Amino acid sequence: MEVKLVKKVLSVNDTMAQQNRQFFLEKKVLVLNMMSSPGAGKTAILEKTIKRLLPEIKTAVIVGDICTTNDADRLIKTGVPVVQICTDQFGGDCHLAAHVVRNAASDLNLDHVQLLIVENVGNLVCPAEFDIGEDVRIVVLSVTEGEDKPLKYPLMFRVCDAALLNKTDLLPYLDFDKETVLKNIRQIHPDMPVFELSAKTEEGFSDWIEWLKNEVEKKRYE
Ligand code: MG
Ligand code: ZN
């Protein structure tokens with residue numbers, strides 16, 4: 001019974017996600033779904049990323065959390081439109097579902113927006129299962145989390161198009177073995193690009209920004 005119910009929920013979500021995809025295509029906006037465990041540094045990466053994209057790429061953000069508007073309060077300072085979703089209004093979901101993203105997107109004027117970033121709820125499990133109608137999926141893993149995360153949460157690493165390895169500025173103080181995590185990521189998703197960076201020092205950001213800009217360009221001419 002329970003398995004059936006989960007399948008039904010996912011198929012309803014998939015239908016809604018396809019509608020979102022059509023809507024975003026008409027708006028010519030690239031939608032990026034950013035996922036990670038809590039505290040990996042999604043918001044910090046976005047603060048620095050948005051600054052580097054402006055004014056060239058018009059960006060808007062949807063932030064999902066179970067509670068608080070802390071992340072939206074930080075991101076609004078970059079000057080781009082931000083909508084916060086607090087999932088405790090929807091039963092405290094630990095992921096964003098397609099219809100929730102669609103409601104939030106309708107609060108934004110996307111006519112001149114080229115990039116819509118969705119900061120998903122911090123969780124490496126179910127956000128990987130819920131299509132929100134995005135074009136690109138990104139997983140952020142920080143070097144404080146341990147090298148085995150890609151093996152423990154393989155679905156997340158399989159469905160993503162790129163991985164960001166964050167907090168590299170901390171590597172000298174940790175026992176974290178970077179080569180092992182890279183090997184583990186490749187085991188799950190062999191050709192996925194991995195960008196090593198630090199949201200604190202902004203080291204490694206240029207390759208990530210270049211990749212992202214290229215994705216936005218591709219969407220514009222789709
Ligand atoms: Mg955050
Ligand atoms: Zn969930």
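The values are calculated or read from the model by the stated rules, or taken from the named source; none is laboratory data. Remember, predicted model here, so these are calculated numbers, not experimental data. Every residue, glycine among them, receives a Cβ derived from its backbone with ideal geometry; neighbour counts consider all protein chains shown. For accessibility, only protein heavy atoms count, side chains too; no ligands or nucleic acids. Shrake-Rupley method; radii C 1.70, N 1.55, O 1.52, S 1.80 Å.
Pick from 202, 210, 129: which is most flexible by mean-square fluctuation in a GNM of the chain where alpha carbon atoms under 10 Å apart are linked?
Maximum fluctuation in the GNM of the chain, among the listed residues, is at 210.
On a 1.4 Å probe surface of the protein chains, which of 21, 158 comes out largest in accessible area, and what is the full order?
The most accessible residue leads, giving 158, 21.
So what's the projected area for the range 2-220, the Cα convex hull averaged over all directions, in nm²?
11.9 nm²
Which residue, 106, 142, 36, tops the fluctuation ranking in a GNM of the chain built on C-alpha contacts under 10 Å?
Checking each option, the largest mean-square fluctuation is seen for 106.
Rounded, prolate or oblate for the range 130-222? Axes are the square roots of the Cα gyration tensor eigenvalues, ordered a ≥ b ≥ c, and the cut-off for rounded is a/c under 1.5.
oblate
Applying 1/(1 + (r/R0)^6) with R0 = 25 Å to the Cβ-Cβ distance of residue 179 and residue 125, what FRET efficiency is obtained, to the nearest 0.05?
0.45
Please identify, among 75, 30, 170, the residue showing maximal mean-square fluctuation in a Gaussian network model of the chain using a 10 angstrom Cα cutoff.
Comparing 75, 30, 170 in the GNM, the peak value goes to 170.
Note the full-extension length gain between residue 25 and residue 12 as 0.36 nm times their separation in residues minus their Cα-Cα distance, in nm to one decimal.
Taking 0.36 nm per residue and subtracting the Cα distance, the gain is 2.7 nm.
Collect residues whose amide H, placed 1.01 Å from N in the peptide plane, falls under 5 Å from the amide H of residue 36; neighbours closer than 5 in sequence don't count.
123, 140
Determine the per residue accessible area of the chain with all protein chains present and a 1.4 angstrom probe, expressed in square angstrom.
The answer is 48 Å² per residue.
Given contacts defined as C-alpha pairs under 8 Å and at least six residues apart, what's the relative contact order of the chain, whole-number percent?
26 percent
Leaving out ligands, DNA and RNA, what percent of the accessible area of the chain is carbon and sulfur, probe 1.4 Å?
Reported share for carbon and sulfur atoms: 52 percent.
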